[in-house]
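For reference, the structure discussed in these notes is given below.
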Amino acid sequence: MTSIKVIKKIFWVSLLAVMPSMRVMAQEITVATLNAEFLTKPRVHVKFGRQFDLNKESKKEQRFWNKESKRAEKFEEASASVAQVIKRINADILTLTEVGSSEDINILLNELKKIDVVYDYAEVCDCKDNFTAQHVAVLSKFPLKDPLYEIEGRSIYLEELDGDSERETGLSKALKATVIVEDKEIDVFVVHLKSERGGFESDAQRLSQDSIVRRAVIKKLNKGRNVIVTGDLNSEKGSPSLYRIRGFDDIYEELIQTGLSQYFEDTEVRWTYNYKGEPEQIDHILISPGLTTQSGIKTSIIDISDEMVSDHNPVITKLNLK
């Protein structure tokens, strides 16, 4: 009996010795963001080379795409292609832009299950943009709670820098959900901001949208919360828009830009979108400093080069949580 007790004691001492390293390993998570380019059933014809406005297509094309069965079939085909890339990304927390409603996301989740990729938790925003029918979403292998299906708020911007015409904007495609990773809660914001098309007015509107997001983030930071802001921000790293959302224009804690050169594991691909022949990084993952250390960030961008998936590349960031 004595020898058995000794063996048991050795076993438990050994187990306790390795448990700290086990906890550290469990605290490493992968966060990614992908613009899925019109993975929404009402507009999925864009993925197949058709014009956004179907009325500009031939009568034959219109008849084809106006058949619900054909559109559903093509949407499943597109979802299967996107699912293959999501499997390659292999993220614990994946945010998506330019996706469809909850019904559309369920189809994507089913396509993922077919290839042994399971996300048990998902949330989709309440889209205010009926023109594009695009939503944002978060898929997670960790539990989600307290979703906000829209980020409320308004902000004023000028149509012209030297004019007196003021306009208001809100966020039409935005979502917040809290991810629970073991004993840590992370407030994840997913946003899709105004595109670069439209010149000064679009830039001014996007900057105002950044202000709305920043206000929501500040409320969390002031409560000591961990925050991630991610999605298609339609702004490059060094732009006033990115600096606004990170917090360079206020006195509160700045967000870390995980897309900086120092965090890249592989620098072969550094862009997420090619705008008029200029490669740009406009999809981002921004994190609060309390989440990890400077050495706990490893970022990569993979070139998917597949028109059936997206005209954007995904950003993938591994974080060693504090």
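No lab work stands behind these numbers, since they all come straight from the coordinates. Quick caveat, the model's predicted, so the values are computed rather than measured. As a convention, Cβ positions derive from the backbone with ideal geometry for all residues, glycine included, and neighbour counts pool all protein chains shown.
Annotation: aspartates and glutamates with alpha-carbon distance below 15 angstrom to LYS276 (same-chain offsets under eight excluded): GLU196, GLU236, ASP311. The distance separating the Cα centre of region 129-183 from that of region 286-303 comes to 22 Å. Extending 7 Å from Cα along the Cβ direction at ASP146 and again at GLU182 yields two label points whose distance is 2.1 nm.
Compute the angle between helix 102-114 and the longest alpha-carbon principal axis of the chain, please, reported from 0 to 90 degrees and rounded to the nearest 10. With rounding to tens, the tilt is 50 degrees. Considering region 28-321, its Cα convex hull presents a mean projected area of 15.8 nm². For LYS59, go through the lysines and keep the ones whose alpha-carbon is under 26 Å away, minus same-chain ones fewer than eight residues off. By straight Cα distance, LYS59 reaches LYS41, LYS47, LYS67, LYS70, LYS74.
Here the extension length gained between ASN90 and TYR252 equals 55.0 nm, from 0.36 nm per residue of separation less the Cα-Cα distance. For region 240-322, the Stokes-Einstein estimate of translational diffusion at 20 °C and a viscosity of 1.002 mPa s comes to 154 µm²/s, using the Kirkwood hydrodynamic radius over alpha-carbon pairs.
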